[in-house]
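Visitor: Let me give you the structure first, and then I'll get to my questions.
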Amino acid sequence: MLEASQLTAVRDNKVLFESLSFTLNNGDLVQVEGRNGTGKTTLLRIITGLAERESGNVFWNGQSIESNREAFHQDLLFLGHQTGIKRELTAYENLRFYLNLHSEHSIDKASIYEALMKVGLVGREDVPVAKLSAGQQRRVALARLWLSPHKLWILDEPLTAIDKQGVRVLESLFLEHIDKGGIVLLTTHQDMFTDHPRLKKITLGNEPCLQQ
Ligand SMILES: Nc1ncnc2c1ncn2[C@@H]1O[C@H](COP(=O)(O)OP(=O)(O)OP(=O)(O)O)[C@@H](O)[C@H]1O
């Protein structure tokens, strides 16, 4: 369970949001929405501990993320604007690198190929990422979701450069993840989960609130 309590963020002398509180429970799928510059990325980065906040606290499983950093990071997958993908490595090598960092087990080639298949990169797995299209590069970053052991996914604009078919595949993956008790918190300007009953929203810009 993630709890944001009374978060206030100020940038350039402007209050982006004030006393924002919400709780994400196991099985929650939540979109942070709002117009450009309303503070969506700032909120996600504060929750992951990457950005400064004016006041407020973030708790993971009842403990503040600062006092509990290691356990929090073990459970967290954060995909930001910088995807952490190495451009000189191939898609396959990037995923192997990711698994090396995060899996306790020996590298399972079949899982890597399965993830590559899900994102439509089989046949392109040996091409350096720098030579892939923008959407294909994003797909390499997203392929890590299929290999992720993490419970909490915080995803900043994961759909950038992703085509409609790719969006539908990701929708299915997010639903699978929450069905297993995971949590997904994301931002997107694209249409996703239109009127889906499981989707909750945090709206920034006017009165911040968590809506069903
Ligand atoms: N490190 C920073 N220093 C100063 N101002 C910042 C910083 N980061 C963000 N801002 C400002 O805070 C505001 C919110 O930025 P943020 O990136 O959180 O918005 P956003 O809602 O994610 O926007 P978008 O939809 O365009 O991605 C913007 O006005 C931005 O200029």
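No lab work stands behind these numbers, since they all come straight from the coordinates. It should be emphasised that the depicted structure is a prediction, and the values quoted were computed from it without experimental measurement. FYI the Cβ positions are ideal-geometry reconstructions off the backbone, even for glycines, and counts take in every protein chain you see.
Visitor: Working out 0.36 nm times the residue gap between Ala134 and Glu52, then minus their Cα-Cα distance, what length gain in nm do you get to one decimal? Don't skip to the answer; put the middle values down first.
Guide: On the way: separation 82, 0.36 × 82 = 29.52 nm, distance 3.01 nm.
Residue separation times 0.36 nm, minus the Cα-Cα distance, leaves 26.5 nm.
Visitor: I've got another one for you. At 222 nm, what value in deg cm²/dmol follows for the chain if DSSP H runs of at least 4 each add -39500 (n - 2.57) and the sum is divided by all its residues, to the nearest 500?
Guide: Details: 6 runs with 68 residues, N = 212.
Result for the chain, helices only: -10000 deg cm²/dmol.
Visitor: How large is the dipole of the stretch 1-60 about the Cα centre if only Lys and Arg carry +1 and Asp and Glu carry -1, each at its Cβ, rounded to the nearest 20 debye?
Guide: Values: 6 positive and 7 negative charges, 40 e Å.
About 200 debye.
Visitor: What's the ranking of 34-42, 106-114 by average number of surrounding C-beta atoms within 10 Å, highest first? If you can, show how the numbers build up before the last one.
Guide: Working: 34-42: 17.2, 106-114: 13.1.
Going by the mean number of other Cβ atoms within 10 Å, highest first, we get 34-42, 106-114.
Visitor: While we're looking at this one, here's another question. Give me the dipole magnitude in Debye, nearest 20, for the stretch 151-205 about the Cα centre, with unit charges on the beta carbon: positive for Lys and Arg, negative for Asp and Glu. Walk me through the intermediate numbers first.
Guide: On the way: 7 positive and 8 negative charges, 42 e Å.
For the stretch 151-205, the charge dipole is close to 200 debye.
Visitor: Another question about this same structure. Return the distance in nm (one decimal) between the two label points of a simple spin-label model at Glu70 and Lys164, each offset 7 Å from Cα along Cα→Cβ.
Guide: 4.9
Visitor: Just want to confirm a number: the relative contact order over the chain, from Cα pairs under 8 angstrom separated by 6+ residues, in percent.
Guide: Relative contact order here is 30 percent.
Visitor: Going toward the positive end of the dipole of the stretch 52-101, with +1 on Lys and Arg Cβ and -1 on Asp and Glu Cβ, which of Leu77, Ser64, Leu95 do you reach last?
Guide: Checked the options; the winner is Leu95.
Visitor: Provide, as a two-decimal number, the C-alpha radius of gyration of the stretch 6-55 over 2.2 N^0.38 Å, N being how many residues it has. It would help to have the intermediate numbers written out before the result.
Guide: Details: Rg = 11.2 Å, N = 50, 2.2 N^0.38 = 9.7 Å.
Here the answer is 1.15, to two decimals.
Visitor: Counting Lys and Arg as +1 and Asp and Glu as -1, each charge on the Cβ, what is the dipole of the chain about the Cα centre in debye, to the nearest 20? Could you put the intermediate results ahead of the total?
Guide: Details: 24 positive and 26 negative charges, 95 e Å.
Magnitude of the dipole: close to 460 debye.
Visitor: Against the globular-protein guess of 2.2 N^0.38 Å, express the Cα radius of gyration of the chain as a ratio, rounded to two decimals. Walk me through the intermediate numbers first.
Guide: Numbers: Rg = 17.2 Å, N = 212, 2.2 N^0.38 = 16.8 Å.
Normalised Cα radius of gyration, the chain: 1.02.
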